[in-house]
Amino acid sequence: MRRTQLIKPRIREILSRELPAELVRMLPKHWVQIGDVLILPLRPELEPHKRRIAEVYAEVLGVKTVLRKGRIGGEFRETNYELLHGNDTITVHVENGIKYKLDVAKIMFSPANVKERVRMAKVAKPGELVVDMFAGIGHLSLPMAVHGKARVIAIEKSPYTFRFLVENIELNKVQDRMTAYNIDNRDFPGEDIADRILMGYVVKTHEFIPKALSIARDEAIIHYHNTVPERLMPEEPFGTFRKTAREHGYEAEKLNELIIKRYAPGVWHVVVDVRVFKR
């Protein structure tokens, strides 16, 4: 979870004895904790003292490992964090009754997306077939299988992330209704099978709309995520989805649209719930 608060008195007390007052004022007031791993943003001025600062935060907050916040990028949304304290970056993060095992140093897990993960647990229906095209470690589809009792096909292309997806299916005891595939979703052979499809990707999600349509049954619901510049909202991202659907012989109806979070200055991560109809 993300925590924003005044610096804990114990952290300030310890580091005030070691750092100049102006640096103490620059200590991070917010951080992200995933399981027992802390992701800490540090200003450049604190660079010479970063390992000691990380050690104190770890001690006071009770975590085993501290990473310095880095950028996320690449096809697999990989993290790029600097290890400041500890050496074990694999943890189990518990949220909404779901256990997520992951390597925080290498796999993205956004606490800011918690509302969407909780929402997916509520929209899923018992017995329906969900295809998660970008499963990751099961971010969105585990809640559907655990709480919604849906049947899930989870597709994840990254071999490393896939290992944790398989472990999480077992950790959450949903092997009877959740199956994982370590392939590019465009190579998935199923057609006209899904009652519901998750497209939890960003930036290039529109490139996968034709594949999603081929997997979808008539009147299936697709949860379509993408990033969109604020100047193109509210027409986008649904406009592109509907245009692509019509080019492939489908009609699309927008059921709901939610802003997940800010992705970059002037750019938002948005999810649109779309029902598709074969013409």
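The values are calculated or read from the model by the stated rules, or taken from the named source; none is laboratory data. These numbers come from a predicted model, not from an experiment. With ideal geometry, Cβ positions are generated from the backbone for all residues, glycine too; neighbour counts draw on all protein chains shown. Ligands, DNA and RNA are stripped out before the accessible areas are found, and what is left, the full protein with its side chains, is counted by its heavy atoms. Shrake-Rupley method; radii C 1.70, N 1.55, O 1.52, S 1.80 Å.
May I ask for the Rg/Rh ratio of the chain, computed from Cα atoms with Rh as the Kirkwood radius, given to two decimals?
Ratio of gyration radius to Kirkwood radius for the chain: 1.03.
What's the carbon and sulfur percent of the stretch 130-279's accessible surface, probe 1.4 angstrom, rounded to a whole number?
C and S fraction of accessible area: 50 percent.
For the stretch 43-57, in order, what is each residue's ³J(HN,Hα) by Karplus, 6.51 cos²θ - 1.76 cosθ + 1.60 with θ = phi - 60°, in whole Hz (x at glycine and Pro)?
The phi angles translate into 6, x, 4, 8, 3, x, 10, 4, 6, 5, 4, 4, 4, 5, 4 Hz.
Ranked highest first by the average count of other Cβ atoms within 10 Å around their residues, in what order do 46-52, 178-184 fall?
178-184, 46-52
When you count, for each residue, the other Cβ atoms within 10 Å and take the mean per peptide, how do 84-92, 254-262, 60-68 rank with the highest first?
Most protected by this proxy first, the peptides run 60-68, 84-92, 254-262.
For a quick protection proxy, order the peptides 212-219, 246-253 by their average other-Cβ count within 10 Å, most packed first.
212-219, 246-253
For the chain, find the longest principal axis of its Cα atoms and tell me its angle to the long axis of helix 238-247, 0 to 90°, nearest 10.
Relative to the chain, helix 238-247 is tipped by roughly 30 degrees.
Which aspartates and glutamates, if any, have their Cα less than 17 Å from the Cα of Lys278, not counting same-chain residues under 8 positions apart?
Partners within reach: Glu191, Asp192, Asp195, Asp218, Glu219, Glu247, Glu251, Glu253.
Leaving ligands, DNA and RNA out of it, rank Asp176, Asp36 by accessible area with a 1.4 Å probe, largest first.
So, going from the largest accessible area down, we get Asp176, Asp36.
Amide H neighbours of Ile34 under 5 Å, at least 5 residues apart or on other chains, H built in the peptide plane: list them.
Ile39
What span do the alpha-carbon atoms of the stretch 94-218 cover on each of the three principal axes, reported in whole Å from largest to smallest?
35, 30, 25
Just list whichever of Lys125/Lys254; Lys29/Lys254; Lys29/Lys115; Lys69/Lys173; Lys101/Lys122 have alpha carbons separated by over 28 Å in the model shown.
Lys29/Lys254; Lys69/Lys173
If you put +1 on each Lys and Arg Cβ and -1 on each Asp and Glu Cβ, how big is the dipole of the stretch 217-279 around its Cα centre, in Debye rounded to 20?
The dipole magnitude comes to about 100 debye.
Residue by residue, what Karplus-based ³J(HN,Hα) values in Hz, rounded to whole numbers, does the stretch 112-129 have, using 6.51, -1.76 and 1.60 with θ = phi - 60° and x for Gly and Pro?
Each residue of the stretch 112-129 in turn: 5, 8, 4, 4, 6, 5, 5, 4, 4, 5, 8, 7, 5, 10, x, x, 5, 9 Hz.
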